[in-house]
1. Quick one: if you stick a label point 7 Å off each Cα along the C-beta vector at residue 29 and residue 9, how many nm between them?
2. Which order do the peptides 9-18, 23-32, 39-48 take when ranked by the mean count of other beta-carbon atoms within 10 Å per residue, highest first?
Amino acid sequence: MNLKCFICKCQSITGDRLTDERIQGAQKAMSNAGTGKQRLQGFISKIEDWHRMMNLLEVSKTKQYHIFLD
């Protein structure tokens with residue numbers, strides 16, 4: 001009996017909402033492919049809103065700086 005071991009190496013991809021949408025769109029487009037690799041099954045998308053948080057920190061820092069100047 002020949003057993004082949006299939007190890008799924010899942011790759012987590014983080015990005016903004018557009019990146020997440022593109023990954024899901026690519027997986028949906030390839031959903032009828034023959035193998036799991038061709039169907040892009042190993043990719044897991046996760047939304048990281050650190051861009052938005054950095055903008056919030058920048059704005060709060062700028063506002064605090066202006067308060068000290070006034």
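1. Between residue 29 and residue 9, the label points sit 2.4 nm apart.
2. 39-48, 23-32, 9-18
Just so you know, all these numbers are worked out from the coordinates, no wet-lab data involved. Note that this is a predicted model, so its numbers are computed, not measured. In this analysis, Cβ positions are derived from the backbone assuming ideal geometry, glycine residues included, and neighbour counts consider all displayed protein chains.
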